[in-house]
1. Restricting the first residue to the range 192-204 and requiring it to be aromatic (Phe, Trp, Tyr), which pairs with a second residue that is surrounded by 10 or more Cβ atoms within 10 Å (Cβ to Cβ) and outside any loop (DSSP other than H, G, I, E, B) meet a Cβ separation below 6 Å and a spacing of at least six or different chains?
2. Considering only the range 170-193, state which residues are surrounded by fewer than 18 Cβ atoms within 10 Å (Cβ to Cβ), at pLDDT 95 or above and in a loop (DSSP other than H, G, I, E, B).
3. What number of residues within the range 126-138 are within 12 Å of the chain's Cα centre (by Cα) and crowded, with 24+ Cβ neighbours inside 10 Å?
4. Among the residues of the range 61-88, how many are surrounded by fewer than 18 Cβ atoms within 10 Å (Cβ to Cβ), modelled with pLDDT of 95 or more and more than 12 Å from the ligand (Cβ to nearest atom)?
5. List every residue pair whose Cβ atoms lie under 6 Å apart, where the two residues are 6 or more positions apart in sequence or sit on different chains, the first residue falls within the range 98-116 and is farther than 19 Å from PHE55 by Cα, and the second residue, located anywhere, is near the ligand (Cβ under 8 Å from one of its atoms).
6. In the range 27-49, is there at least one residue being within 15 Å of the chain's Cα centre (by Cα), at pLDDT 95 or above, among the small types (Gly, Ala, Ser) and assigned to a loop (DSSP other than H, G, I, E, B)?
7. Could you tell me which residue of the range 125-139 is nearest to the ligand (Cβ to nearest atom), considering only residues that are in contact with a helix residue (DSSP H, G or I) (Cβ under 7 Å, 6 or more places away or on another chain) and not in a strand (DSSP E or B)?
Amino acid sequence: MRQKTPLVAFISNYTNNPGCGRDLRPVFQQLSRRFQIQRALYPGSWLDVTPSLFFPEVCYVDSLSGIVDSFADPDLRRHLNDNKHYPDAPTIHCYQHDYRTFNAEPEASFDLLISLNAGFISQACERFLPPEGLLLVNDEHYDARRAFVDPDYIIIAAFTGENLRMETSQAELTSFFHTTKGTPLTLEMVDSDAPRSPSRARFKPAKTAPVYLFRKQ
Ligand SMILES: C[S@@+](CC[C@H](N)C(=O)[O-])C[C@H]1O[C@@H](n2cnc3c(N)ncnc32)[C@H](O)[C@@H]1O
C-alpha cells in the first residue's frame, strides 16, 4: 500500500472535522485573536502543522525518523502558505529530536507551548516558556492534570462544546480537575495514574474539556 503524502496525512488527520477529534483549528484561531503569539513550540507534533495556519513562527520537535523531510514537503508548504491566517510568510523550524533533551532553541523564547497526546511536555519543556507564557494542553496523556497540580502553572481557559468555545469564567474553571467529591486532584493522584491508560485511571475528574489553556506564573 502506498504511504500517504505528508499533506494528505495532515489533511485527513487534522482538518476534516472542525471541533471533533484532532481538528483544533477553532482553538488556534481563538488563541491567535486573543493573544499576541509570535513564536510557538510544538513538541511531539508528528505531522500536525495546524499551528502554522495561525502563528507566523512555529518550532516542531519530534523524535520520529524522517520528520524533517516530511515538514519540507513542497505540497505541505504550499498548503500552509495558501491557507494561513496572517500576512507574513510562515517560518517553520522542524527538529528530529527527543523533546526531553532538546536544546536547539533558546530557553524562555516562546509565547506558546503546545502539548497534545505526547507525554508530560508541560514538565519537560517548561523551560522554553517565559513567565506569562501560555501552555495549550489536552489530558489524553494526563499532561493537563499534570499542569494543574504544578504551582508554576495556572489554568486560564478551557475549550468546550462542539465549537470549542474558549471558556474563561473563573467559576467554571475552578471545577475542572476536581473529583466527583469536589476535591482537587493532587500530584500523588496524577503520578499513581500515569502508568495507566486514561480509561483505567483511578482518579477521574468530574468535569473535562477537550483542551485547556494555562499560563506560566
Ligand atoms: C500520538 S502522537 C501525537 C501527535 C500530535 N501531537 C497529535 O496530537 O495528533 C505522539 C507523537 O509524539 C512523538 N513523541 C513522543 N515522545 C517523544 C519525545 N520524548 N520526544 C519527541 N517526540 C516524541 C511521537 O514520535 C509521535 O509523533
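1. PHE203/MET189; PHE203/ASP193
2. THR186, the sole residue that qualifies.
3. Within the range 126-138, residues that are within 12 Å of the chain's Cα centre (by Cα) and crowded, with 24+ Cβ neighbours inside 10 Å number 3.
4. Qualifying residue count, the range 61-88: 14.
5. ASP98/SER63; TYR99/PRO43; TYR99/VAL61; TYR99/ALA124; ARG100/ALA124; PHE102/VAL61
6. yes
7. Looking at the filtered set, the residue picked out is ASN138.
Yes or no, residue by residue, for (1) free of Cβ contacts under 8 Å to residues at least 60 places away in the same chain; (2) under 21 Å from LEU47 (Cα atoms):
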residue	(1), (2)
PRO90	yes, yes
GLN96	yes, yes
GLU126	no, no
GLU162	no, no
PHE177	yes, no
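The values are calculated or read from the model by the stated rules, or taken from the named source; none is laboratory data. As the structure is a computational prediction, the values presented were derived from the model and not from experiment. Using ideal geometry, Cβ is built from the backbone for each residue, glycine included, and neighbour counts are taken over all protein chains shown.
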